[in-house]
């Protein structure tokens, strides 16, 4: 894979700091030669694995939010976490704050890379300490559970229940570590360090969640509010070029917003697609790359660009997401009505019959069979489109 010069600096720094840091820590903690070699080789393999996964996910657009455009976030977070792990052998194993490390690295990349990088740092900590497998497996399970729980945060950042469950599971696993592997009897004393660890992780996670919410989640929500506005700069540019395209976008947005709400979809993401999937009208060259570059020029959220790219590049017979299907159906309805009213503004139309014909045409063309929208979703979409009769009269 081709790597940009800026990334090479981050890659070199991550790899060299990981290897040199593990070597220095192993020497300072008095590990013997065989243990040092094992730790340094593991550090090199682990760092190389992280770099490969990052480059692969970045190239395929699999990273969270706009993390691919800001690699320094992940690499800075990784290096800070790595520096912390070098000091963890100084304290007892069941006080390590790895749940927070897993979540942090997952937020700055994606859950899979967060799981791999967190596990690699945990492995290096165990090797430097000269510990065994029990504590390793306890933290791996706790970290994976936390990543899964925190993977679906929305703009409201409802993290209370995931936070409680993640810390509860870590506490349970660490108590099991004491009872099953250290052969200690279950008593209040066994709970002391795991509970303290839970409070440490709680404090770290609160800081991580607030920073993540402010700089990533809510920032994207605010950006969606800006671009999903008929007075946004790109929308005004579309209007200057073609009033018809502008009006089609406005009316399509109205329908998609209502359908998306009924289907519990991400309304802001679907609305941005309904507004701008025909934005190529403002360009002299309508190549997909040019259109996507236009969205990046106006700083669209990456999730919005992903959906727009799917719609723009979609070819007949290819699979289509549920969100793209809703945009396609709503836009077809608006386009059909505008065409008919342009020919005769006083035409008396059977809107329900028109909706049925649109769905039949899409079905005969195979578009609905290749859609991820469920049968229930298709039924609700059809019902919603049939209900908007008063709005359709407004289009005359």
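Every read-out reported here was derived from the displayed coordinates using simple, explicitly stated rules and does not represent laboratory data. Bear in mind the structure is a predicted one, so any value in this text is a computation, not a measurement. Quick reminder, even Gly has a Cβ in these numbers, built from the backbone with ideal geometry, and neighbours come from all protein chains shown.
Values as computed for the structure displayed
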| quantity | calculated |
| --- | --- |
| Stokes-Einstein D for the range 183-235, Kirkwood Rh over Cα pairs, 20 °C, 1.002 mPa s (µm²/s) | 145 |
| Mean projected area (nm²) of the alpha-carbon convex hull when the chain is viewed from all directions | 23.6 |
| Protection proxy ranking of 169-178, 204-213 - average other beta-carbon atoms within 10 Å, highest first | 169-178, 204-213 |
| Likely footprinting exposure, 253, 264, 229, 66, fewest C-beta neighbours within 10 Å first | 264, 229, 66, 253 |
| Descending principal axes extents, the range 188-305, alpha-carbon based, whole Å | 73, 31, 23 |
| Rg over Rh [alpha-carbon atoms, Kirkwood Rh] for the range 293-385 | 1.03 |
| Sequence ranges 303-310, 345-352, ranked by mean other-Cβ count within 10 angstrom, highest first | 303-310, 345-352 |
| Folded to 0 to 90 degrees: helix 71-87 orientation relative to the chain principal axis, Cα | 20 |
| Compactness of the range 225-281 - radius of gyration and Dmax, Cα, Å | 11.0, 34 |
| Relative contact order, percent, the range 5-222 [alpha-carbon distance under 8 Å, six or more residues apart] | 20 |
| Cα Rg, Dmax, the range 1-130, angstrom units | 14.5, 44 |
| Highest-first arrangement of 93-106, 133-146, where packing means the average Cβ count within 10 Å | 93-106, 133-146 |
| CD proxy at 222 nm, helix term only [per DSSP H run n ≥ 4: -39500 (n - 2.57); per residue of the chain; nearest 500] | -23500 deg cm²/dmol |
| Helix 218-227 axis, angle to the chain major axis (alpha carbon atoms, nearest 10°) | 20 |
| 10 Å-binned pair-distance histogram of the range 229-394 (Cα, whole percent) | 10, 39, 37, 14, 0 |
| The range 33-82 pair-distance distribution - Cα-Cα, 5 Å bins, rounded % | 4, 19, 21, 22, 15, 8, 6, 4, 1 |
| Debye-sum result for the range 5-222 in log10 I(q)/I(0), which assumes one identical scatterer on each alpha carbon, at q = 0.09, 0.13 Å⁻¹ | -0.36, -0.75 |
| Relative contact order [Cα under 8 Å, 6+ residues apart], the chain, whole percent | 11 |
| Cα-based helix-to-principal-axis angle, 322-343 vs the chain, degrees rounded to 10 | 20 |
| Relative contact order (percent, whole number), the range 229-394, Cα cutoff 8 Å, 6+ residue spacing | 25 |
